[in-house]
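The values are calculated or read from the model by the stated rules, or taken from the named source; none is laboratory data. What you see is a predicted model; the values in this text were computed from it and never measured. Here Cβ is always computed from backbone atoms with ideal geometry, including for glycine, and neighbour counts include all displayed protein chains. Just the protein is used for accessible areas: all its heavy atoms, side chains included, with ligands, DNA and RNA removed. Shrake-Rupley method; radii C 1.70, N 1.55, O 1.52, S 1.80 Å.
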Amino acid sequence: MKSSLILIVFLFISNVICAQIIAEGMVKESGSGKAISYANIGVIGKNIGTVTNDAGKFKLTIPKANARDTVRVSMLGYSPQLFSVSDFIKEIADKEIVMQASSFLLPDVIVSNRALKENVLGNTTESQSITAGFTTNKLGNEVGIIIKIKRAPTFIKSFTASVVSNDNKPVKLRLNFYSLKDGLPDKLIQDKNIIVNAPVQNGKLFVDLRSYNIVAEDDFFVSLEWIESASGTTIFSGSFIKGSLIARQTSQGSWEKVGMFGIGFTVKAAY
C-alpha cells in the first residue's frame, strides 16, 4: 500500500511538471550585448509573467494550456517583441532574447508665460489602520490609482506614497505613469525608467520627478511595480471610497479594478 501511494504521488508530480513549460534565459540589447535589467516578460492578458533581474536574467513557468497564447517582452526604450509560446521557447533555445533600442518621442508641450499653480493631486490619506498593498508577491505585480488633473498641460514634479509597514528588507520598485483608455492604464507617458527603493519602516516614499519632464495632457494613472524579490512586502496607507485601486498581478497581465478602495499615492503637479 505504501509503495502504491508513493507511486501515485510521483505520477501526480510528474504530470504537473509535464503540464508546464519552464523558460529560462537572458534579455540583451542588440549590438552592445548589454543585459537589460527589469524587462517585462509575460503572456498577454494572463497572470503569467515575470521581470528580468539586474543581470537581465529571468525564469518563467508557462502552463502548457497556454501554448497557443502570445508572450510579450517589453522595456521602455526598446521595441517590444511578440512571440507565440512555442516560438518564444525556440527563441531562448540559446538562452537569449535580443531587443532593439528605439526612440520614445514625448509630445510637444506649449507653455504660456503665465505663473504656474502647484497642487497636490491624488489620495492624501496617511492612515495607519486602513492599509493597501501589492495584490501578489509575483514580479511585475503593479498597483496604482487614477489621478485627475485640473488643467492641461500638467507637469508632474514629484510622487509620494505613505508607507505603513515595518521591518521589511529593502524592496526595489518601478514608478510608472500611464495614459488612460476606457478607464484603465494604456500607454506609458514617461521616457525613462524610474527605479526606487521603498523604505523599510513607516514613512514616506518620495520621488523627485523634475528631471524626468513628465507631462500629462489628461487624467492619468500612477503605479508602483514590484521588480525585485524580497521577503515581506510593502504596505501603504489606504482609504475607503477615495477612488479605486487598479492592479495587475504580473507583467503583461490584465488590469483590474480592486473594489472601491484607495491607496495613499499623491503627486505634486504644476499647471
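Residues of the stretch 88-101 include at least one that is modelled with pLDDT under 95, open to solvent by 40 Å² or more (accessible area, probe 1.4 Å) and at positive phi.
As for the stretch 22-30, it holds at least one residue that is at pLDDT below 95 and either over 28 Å from LEU173 (Cβ atoms) or of a type in the set (Asp, Glu) (or both).
For beta carbons closer than 6 Å, sequence separation of 6+ or different chains, a first residue in the stretch 245-268 that is within 19 Å of VAL207 (Cβ to Cβ) and a second that is among the β-branched types (Val, Ile, Thr) and outside any strand (DSSP E or B), the qualifying pairs are GLY264/THR125; THR266/THR124. Within the stretch 161-181, being at pLDDT 90 or above, buried (at least 16 other Cβ atoms within 10 Å of the Cβ) and over 17 Å from the mean Cα position of the chain (by Cα) holds for one residue alone: SER162. Across the stretch 33-52, the qualifying residues are those that are modelled with pLDDT of 95 or more and open to solvent by 40 Å² or more (accessible area, probe 1.4 Å), and the one among them that is nearest to the chain's Cα centre (by Cα) is ILE44.
Within the stretch 249-263, which residues are modelled with pLDDT under 90 and β-branched (Val, Ile, Thr)? The answer is VAL258, and nothing else. Kindly establish whether LYS64 is farther than 30 Å from PRO153 by Cβ, at pLDDT 95 or above and either surrounded by 10 or more Cβ atoms within 10 Å (Cβ to Cβ) or out of contact with any helix residue (DSSP H, G or I) (no Cβ under 9 Å at 6 or more places or on another chain) (or both). It is false that LYS64 is farther than 30 Å from PRO153 by Cβ, at pLDDT 95 or above and either surrounded by 10 or more Cβ atoms within 10 Å (Cβ to Cβ) or out of contact with any helix residue (DSSP H, G or I) (no Cβ under 9 Å at 6 or more places or on another chain) (or both).
So that you can scan it fast, the table gives a plain yes or no per residue for (1) assigned by the TED database to the domain that holds GLY264; (2) of a type in the set (Phe, Trp, Tyr); (3) touching a Lys or Arg at 6+ places or on another chain (Cβ under 6 Å); (4) surrounded by fewer than 17 Cβ atoms within 10 Å (Cβ to Cβ):
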position	(1), (2), (3), (4)
ASP186	yes, no, no, yes
GLN190	yes, no, no, no
ALA198	yes, no, no, no
ASN202	yes, no, no, yes
VAL215	yes, no, no, no
PHE220	yes, yes, no, no
